[in-house]
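Remarks on the structure that follows.
The values are calculated or read from the model by the stated rules, or taken from the named source; none is laboratory data. Here the structure is a predicted model, which means the values were calculated and not measured. So basically every Cβ, Gly included, is an ideal-geometry build from the backbone, and we count neighbours across all protein chains shown.
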Amino acid sequence: LFDGMALLSRFEVDGATNSVKWTSRYLRSQAYEYASTNGGLLYNEFGTAAGVGLAGRAVSLMRGVLAGGTTDNACVSVVPTADGRAVCLSEPTRASYAIDPKTLETLGAHSYKGSDLPGLLHTAHPIPYGDG
């Protein structure tokens, strides 16, 4: 369920022509870039180990630790921001990416005040306030 790379979708409904335009694009996270280049997982994902067998899992664990520890695959929620962008989220704070909601382009990692704090610091299912 949460093991696939984050695939963004945008639907544009045109009532005048009774048509729907669908656009999709993968979020360009570090996890995605590694999987695209190397054909495998950089990090252990929600229910899938990055390595096969005991040795493979040990190697993937070390590779993940050296690359930041937890996955940055922001595959759970997309939240609009007050500045017209959107942020893709998962539980780890490092799994937060700003995107352009019109083009679905990945704009880069989203940072928070106090983002130097380690750990799982936010929910993947936020309820945004009206002012962003």
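Side notes on the structure shown:
- Taking the range 30-60 as the range and being in contact with a Lys or Arg (Cβ under 9 Å, 6 or more places away or on another chain) and assigned to a loop (DSSP other than H, G, I, E, B) as the test, the residues that pass are Leu42, Tyr43, Asn44, Ala49, Ala50, Gly51.
- Out of Ser60, Ser36, sole residue that is surrounded by 15 or more Cβ atoms within 10 Å (Cβ to Cβ) and hydroxyl-bearing (Ser, Thr, Tyr): Ser60
- Leu104 being surrounded by 14 or more Cβ atoms within 10 Å (Cβ to Cβ) and either in a helix (DSSP H, G or I) or at pLDDT 90 or above (or both): yes
- Those residues of the range 45-57 which are at pLDDT 75 or above and surrounded by 14 or more Cβ atoms within 10 Å (Cβ to Cβ), in sequence order: Glu45
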